[in-house]
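The values are calculated or read from the model by the stated rules, or taken from the named source; none is laboratory data. Since this is a predicted model, take the numbers as computed values, not measurements. With ideal geometry, Cβ positions are generated from the backbone for all residues, glycine too; neighbour counts draw on all protein chains shown. Please note that ligands, DNA and RNA were not included when accessible areas were found on the heavy atoms of the full protein model with its side chains. Shrake-Rupley method; radii C 1.70, N 1.55, O 1.52, S 1.80 Å.
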Amino acid sequence: MELRRDIYKKLLEWKSSSLGKSALLIEGARRVGKSTMAKKLGEEEYRSYVLIDFSIASKTIRDNFQDNLNDMDAFFQVISVEYGIRLYERDSLIIFDEIQMFPLARQAIKHLVQDGRYDYIETGSLISIRENVKDILIPSEEETIKMHPLTFQEFLIAANEEPLLEYIRECYRNKEPLRDSFHKRASHLIREYMLVGGMPQSVVAYLENGKDFFTADQAKRQILELYRNDIQKISSRYRSKVGSLFEYLPGYLSTHEKKVVLKKIDESGQFERYDDPLFWLGDSMICNLCYRCTDPNVGLALTQDDSAVKCYMADTGLLVSLAFSENELTSMELYRKILAGKLSLNEGMLHENLIAQTIVADGKKLFFYTHYSEKKHRNDIEIDFLLSSGTRTNPKIDPVEVKSAKNYSKTSLESFKKHFGKRIGQAFVVHPKAYSEVSGELRIPTYMWFAVLEDMA
């Protein structure tokens with residue numbers, strides 16, 4: 001089945017606006033659908049296209065980038081003959097797939113764009129990592145776009161639930177709850193999405209096999225193995241620590257503070273450089289990093305504390321498969337508990353991970369806030385996420401608390417509001433219950449959170 005992806009509109013915008021003056025780099029983790037979208041653009045918007053996959057490209061193609069860049073006629077002739085595809089000036093697209101495996105092709109973009117005959121899209125994973133670009137000149141003729149797993153909105157469209165999607169949007173615009181039967185339906189679907197995730201392979205496996213969670217889990221485990229293989233290929237200097245961090249993610253997300261604790265990964269608590277393993281996972285887009293903000297204001301990044309970082313999985317469905325054994329998921333008992341909202345032990349991490357995933361997919365950076373009380377010898381304020389709103393002259397901070405249970409306390413949120421007073425814009429509590437507004441605080445059902453972010457755009 002073909003999945004409708006919002007990013008395709010952005011590809012069309014790039015084609016119409018760039019007019020051959022820039023290449024487009026699509027960054028994303030493995031298997032999020034980068035190549036599929038690039039090929040779709042080539043098929044629907046160009047007379048012909050060529051996809052050069054550098055994971056399997058021939059020696060002839062690789063040598064072409066060293067031997068013929070000074071003779072563009074010869075360069076394009078090699079590509080056309082090797083792939084048996086005719087290229088049409090200003091009506092052909094050349095796709096460099098898995099470009100992180102051949103950095104010289106990325107460097108060549110400068111010359112290819114200046115030549116002006118064709119359009120270029122680069123796709124790849126891990127291409128931000130220093131070791132993949134340290135020896136090349138990054139082209140200024142390159143626009144970048146990030147691609148994430150399917151959003152909940154895209155999942156609903158794939159599941160033929162577009163009328164419900166529009167109803168959720170309408171209810172948020174009108175600041176009213178969904179009717180009870182639709183609230184139950186939307187609550188069930190957000191839990192389905194939490195379990196299946198947004199990786200295209202998993203979504204297709206789920207929907208094409210009678211909504212079978214086990215088939216979706218098999219697809220996700222294949223993706224997790226690809227990630228493990230990628231980790232084994234990185235520099236030996238921090239390979240084992242990246243692997244340990246990756247495998248330990250469900251463990252630390254299950255803790256109260258959810259911050260990475262180095263001693264649980266390396267007994268010495270000392271990495272050669274703290275940021276190498278952690279930021280590798282962030283740059284690879286396998287994970288979403290959330291930074292502590294020490295003084296919430298309009299410029300959240302200005303008081304970013306890199307020594308206190310939360311690390312969420314980029315896809316909540318992958319987190320489920322990483323957190324639980326295949327035997328646990330095969331029994332179907334786990335699925336039953338999550339769908340019923342009765343997985344008390346780990347459900348909080350799934351909800352929080354899902355909200356983080358949604359914020360990142362909306363193009364925002366993740367920040368959280370904690371305040372340590374010397375008197376109490378513990379954190380007395382903990383806010384899951386911070387969003388900035390308002391204007392430069394009237395900046396506002398929107399605190400977001402995520403609750404997985406229907407009954408909860410809001411001690412931290414109330415303390416935060418008192419502490420920062422006039423800085424507070426709109427406070428949100430994301431929870432499993434229906435929409436409500438209490439004392440100016442918006443209580444948003446998990447399935448409606450996307451509509452909040454859309455309204456902020």
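See the values below:
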| quantity | calculated |
| --- | --- |
| Length gained when the stretch E374-L339 is fully extended (0.36 nm per residue, less Cα-Cα span) | 8.5 nm |
| Residue-normalised accessible area of the chain, given per residue in Å² at a 1.4 Å probe | 45 Å² |
| Calculated FRET value between E89 and S325, using beta carbons and R₀ = 35 Å, to 0.05 | 0.05 |
| Karplus-derived HN-Hα couplings along the stretch 320-325 (A = 6.51, B = -1.76, C = 1.60, θ = phi - 60°), whole Hz, x at Gly and Pro | 4, 6, 6, 7, 10, 6 |
| Span per principal axis, largest first, for the Cα atoms of the stretch 339-455 (Å) | 43, 38, 27 |
| Highest to lowest packing among 146-158, 311-323, 411-423, scored as the average C-beta count within 10 Å | 311-323, 146-158, 411-423 |
| Relative contact order (%) - the chain, alpha-carbon pairs under 8 angstrom, separation at least six | 13 percent |
| Pairwise centroid distance, computed over Cα atoms, of the stretch 238-255 with the stretch 342-366, Å | 17 Å |
| Euclidean distance of C-alpha centroids, the stretch 372-439 and the stretch 80-97, integer Å | 53 Å |
| Dimensionless Rg/Rh of the chain - Kirkwood Rh, Rg from C-alpha atoms | 0.98 |
| 5 angstrom amide H check on S388, placed H, neighbours 5+ away | D398 |
| Helical mean residue ellipticity (222 nm; -39500 (n - 2.57) per DSSP H run of 4+; nearest 500) of the chain | -13500 deg cm²/dmol |
| Carbon plus sulfur fraction of accessible area for the chain, probe 1.4 Å, in percent | 46 percent |
| Ranked by how many other beta carbons lie within 10 Å on average, peptides 403-410, 92-99 from highest | 92-99, 403-410 |
| Magnitude of the charge dipole, the chain, Cβ model with Lys/Arg +1 and Asp/Glu -1, debye to 20 | 1480 debye |
| Inverse mean reciprocal Cα-Cα distance (Kirkwood Rh) of the stretch 159-207, Å | 11.8 Å |
| Shape of the stretch 195-243, Cα gyration tensor, a/c cut at 1.5 | prolate |
| Interchain or long-range residues, amide H under 5 Å from Y49's placed H | L93 |
| Entries of K220/K406; K375/K406; K365/K417; K9/K39; K10/K184; K175/K417 with Cα pairs more than 24 Å apart | K220/K406; K375/K406; K10/K184 |
| Table column - 3J(HN,Hα) (Hz), the stretch 63-80, Karplus curve with 6.51, -1.76, 1.60, x for Gly and Pro | 5, 4, 6, 9, 8, 10, 5, 7, 9, 4, 4, 5, 4, 6, 4, 4, 5, 4 |
| Stokes-Einstein diffusion coefficient of the stretch 278-339, Kirkwood radius over Cα pairs, 20 °C, 1.002 mPa s, in µm²/s | 153 µm²/s |
| Peptides 40-49, 440-449, 283-292 ordered by average Cβ neighbours within 10 Å, highest first | 283-292, 440-449, 40-49 |
| Efficiency of FRET between Q304 and N70 - r from beta-carbon atoms, R0 51 angstrom, step 0.05 | 0.70 |
| Potential lengthening between R173 and E247 on full extension [0.36 nm per residue; Cα-Cα distance subtracted] | 22.6 nm |
| Whole-Hz ³J(HN,Hα) from phi, Karplus 6.51 cos²θ - 1.76 cosθ + 1.60, for the stretch 427-435, glycine and proline x | 8, 10, 10, 9, 8, x, 7, 5, 4 |
